[in-house]
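Shown next, in structure tokens, is the structure this report addresses.
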Amino acid sequence: MDGEKVAEGTGPTGALFAGGTLVLGQDQDSLGGGFQVANSFKGNLDDIRVWSDIRTEAEIQANMNKALTGTESNLAIDRKSTRLNSSHANISY
């Protein structure tokens with residue numbers, strides 16, 4: 001969190017395919033749904049960056065306070081100043 005490692009582990013094995021949905025700020029109770037309003041994140045999300053490679057702790061710390069151009073290698077999503085204050089906010093790409 002904020003450039004500091006808080007956990008380490010392995011994810012699912014095998015390929016990940018396009019066409020899925022990235023859910024932020026909500027606990028998904030079942031595959032493809034099962035959302036409960038009581039489990040919604042209530043607060044602000046700002047400067048969301050999703051990379052298509054594994055970032056080292058040093059890479060995260062070196063770039064976390066820098067404005068990005070959007071042309072960085074392996075940058076999949078760069079959403080600055082995304083303020084989600086309700087439990088039903090949606091961002092589409």
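Values as computed for the structure displayed
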{"quantity": "Extension gain from R49 to A18, taking 0.36 nm per residue of separation minus the Cα-Cα distance", "calculated": "9.4 nm"}
{"quantity": "Value of Rg to Rh for the stretch 24-77 (Rh from inverse mean 1/r over Cα pairs, i.e. Kirkwood)", "calculated": "1.08"}
{"quantity": "Reachable lysines, given that their alpha-carbon falls under 19 Å from the alpha-carbon of K80 and they are not under 8 places away in the same chain", "calculated": "K42, K66"}
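Bear in mind these aren't lab numbers, they're just calculated from the coordinates by the rules spelled out. Predicted model only: the values in this text are computed from it and were never measured.
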